Amino acid sequence: MKKVKKIVQIIFLILSIIYIVNFFIHNTESLRVISRIKITDLLIISSLTIVYFLIFSYRFKVVIEKCSKIYTPFWDLFRIFIQARFLNSMIPQLGNLFRGVVLKKKYKISYTNYISAFISFAWMDTSINLLIASIIIFILANKLLIGGYHASLLLLLAFLLISATPLLIHYLLRIISIKYPPISWMQTKLKQVTEISLNNIKDLNYMIKIITLGLLILIRTVTVYYILFNSFGVKPNIYSLVVFYVLFKVSGFIVITPGNIGIQEIAFGFLSKTFGIGMAEGILVSLTARVISTIIIIVGGILFGGLNILKHRKEYEKNLTD
């Protein structure tokens, strides 16, 4: 099954790259906008990307400590975060495995608590961003349509669907009981994960901190997109940048190709075209942001010993099964 999944992902990756290359072959003039980017813009975006990694790491620290009740030093978590991103860029999911093993080995954080933090983080991050985006678009552009439907309403519905998912899963796990040991064990673990996630949202101070950090990440990302579009000679509206941000966040959970390479760029292109900006500009914004982020991750990963971890990756895989 894993082999089939990899083959399908590679096929989609190749098709996406062919589509993008073919697009620029037929729209060669569009590529010239890339030469307009100034060195100062690239330096600002690089700095904001590092800021993003710092905020993201701190936000994960808040979540992991809430789920495990164990203190974790920020700079240690930041280093582990960069190492994990570096490993994921080399071998999909290796970084997530590495992070789980290191947190258990160094801080005695169980895999259940790690998975709880991972899922809780993804769930809250997506839900909060969809809600914030829905409110911003309702206030600034309540007539904005996507596919013939009000954008704010679509985002609100997506928020309600995703935010209700853990509640639904928790309810189903309570009324459905399976005695077969392997499935029963998985059911127990999944129930623990949903319970931790649902209990977390009852803490008002915790939620305020998570929402505030989420807003900072949104502001940072929207700023990066504005700088890039502006470099390409486009003056986008705030609400359109918010929609691009939502697309960026959602693409992290609906993985079609490794890292959604190509898919995200095409999606940005079509969304950009929908807003009347131009497909080329959307593709190039996504591609430029991806390249800058990847370079920083690779450099940071190497500086933090990522190559040595990659060399001994079998040890982390073994630790996971011990």
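The values are calculated or read from the model by the stated rules, or taken from the named source; none is laboratory data. What you see is a predicted model; the values in this text were computed from it and never measured. Ideal geometry is used to build each Cβ from the backbone, glycine not excepted, and the neighbour counts take in all protein chains shown.
Of the residues making up the stretch 57-101, those that are aliphatic (A, V, I, L, M), in contact (Cβ under 8 Å) with a residue 60 or more places away in the chain and either in contact with a Lys or Arg (Cβ under 9 Å, 6 or more places away or on another chain) or farther than 23 Å from residue 206 by Cα (or both) are 62, 82, 87, 90, 91, 94, 97, 101.
Name every residue in the stretch 54-84 that is under 14 Å from residue 296 (Cα atoms) and out of contact with any helix residue (DSSP H, G or I) (no Cβ under 7 Å at 6 or more places or on another chain), in order of residue number.
Correct list: 79 only.
Selection within the stretch 32-59: residues that are among the charged types (D, E, K, R) and assigned to a helix (DSSP H, G or I). The member of this set that is farthest from residue 220 (Cα to Cα) is 32. Restricting the stretch 136-146 to residues that are assigned to a helix (DSSP H, G or I) and touching a residue at least 12 places away in the same chain (Cβ under 8 Å), the residue that is surrounded by the most Cβ atoms within 10 Å (Cβ to Cβ) is 137. Each residue in the stretch 147-175 was checked for being closer than 20 Å to residue 271 by Cβ and in contact with a Ser or Thr (Cβ under 7 Å, 6 or more places away or on another chain), and 5 of them qualify.
The residues listed here are 68, 47, 116, 127; of these, the one that is over 25 Å from residue 290 (Cα atoms), modelled with pLDDT of 80 or more and hydroxyl-bearing (Ser, Thr, Tyr) is 68.
What do you reckon, is residue 309 surrounded by 16 or more Cβ atoms within 10 Å (Cβ to Cβ), hydrophobic (A, V, I, L, M, F, W, C) and out of contact with any Ser or Thr (no Cβ under 7 Å at 6 or more places or on another chain)? Yes.
Of the residues 14, 82, 25, the single one that is under 17 Å from the mean Cα position of the chain (by Cα), part of a helix (DSSP H, G or I) and among the aliphatic types (A, V, I, L, M) is 82.
Step by step: first the residues of the stretch 85-117, then only those that are among the small types (Gly, Ala, Ser) and under 24 Å from residue 195 (Cβ atoms), then the one that is farthest from the chain's Cα centre (by Cα). Which residue is that?
Within the stretch 85-117, the first condition is being among the small types (Gly, Ala, Ser), and the residues that meet it are 89, 95, 100, 110, 116-117.
Next, only the ones that are under 24 Å from residue 195 (Cβ atoms) stay: 100, 110, 116-117.
Details: 100: 18, 110: 23, 116: 17, 117: 15 Å.
Among residues in the stretch 85-117 that are among the small types (Gly, Ala, Ser) and under 24 Å from residue 195 (Cβ atoms), the one farthest from the chain's Cα centre (by Cα) is 110.
With respect to the conditions (1) in a helix (DSSP H, G or I); (2) modelled with pLDDT under 80; (3) exposed (fewer than 12 other Cβ atoms within 10 Å of the Cβ), residue 191 falls short on a single one, namely (3).
Scanning the stretch 112-132 for residues that are in contact (Cβ under 8 Å) with a residue 40 or more places away in the chain and either of a type in the set (A, V, I, L, M, F, W, C) or surrounded by fewer than 20 Cβ atoms within 10 Å (Cβ to Cβ) (or both) yields 112, 115, 117, 119, 121, 122, 123, 124, 128, 130, 132. Any idea how many residues of the stretch 147-158 are among the hydroxyl-bearing types (Ser, Thr, Tyr) and surrounded by fewer than 18 Cβ atoms within 10 Å (Cβ to Cβ)? Summing the residues that are among the hydroxyl-bearing types (Ser, Thr, Tyr) and surrounded by fewer than 18 Cβ atoms within 10 Å (Cβ to Cβ) in the stretch 147-158 gives 1.
For every residue, the table says whether it meets (1) surrounded by 17 or more Cβ atoms within 10 Å (Cβ to Cβ); (2) under 24 Å from residue 77 (Cβ atoms); (3) β-branched (Val, Ile, Thr).
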{"position": "227", "(1), (2), (3)": "yes, no, yes"}
{"position": "231", "(1), (2), (3)": "yes, no, no"}
{"position": "236", "(1), (2), (3)": "yes, no, no"}
{"position": "246", "(1), (2), (3)": "yes, no, yes"}
{"position": "263", "(1), (2), (3)": "yes, no, yes"}
{"position": "304", "(1), (2), (3)": "yes, yes, no"}
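For first residues located in the stretch 20-45 and over 19 Å from residue 268 (Cβ atoms), partners that are surrounded by 11 or more Cβ atoms within 10 Å (Cβ to Cβ) and of a type in the set (Ser, Thr, Tyr) and lie 6+ apart or on another chain with Cβ distances below 7 Å form the pairs 38/231.
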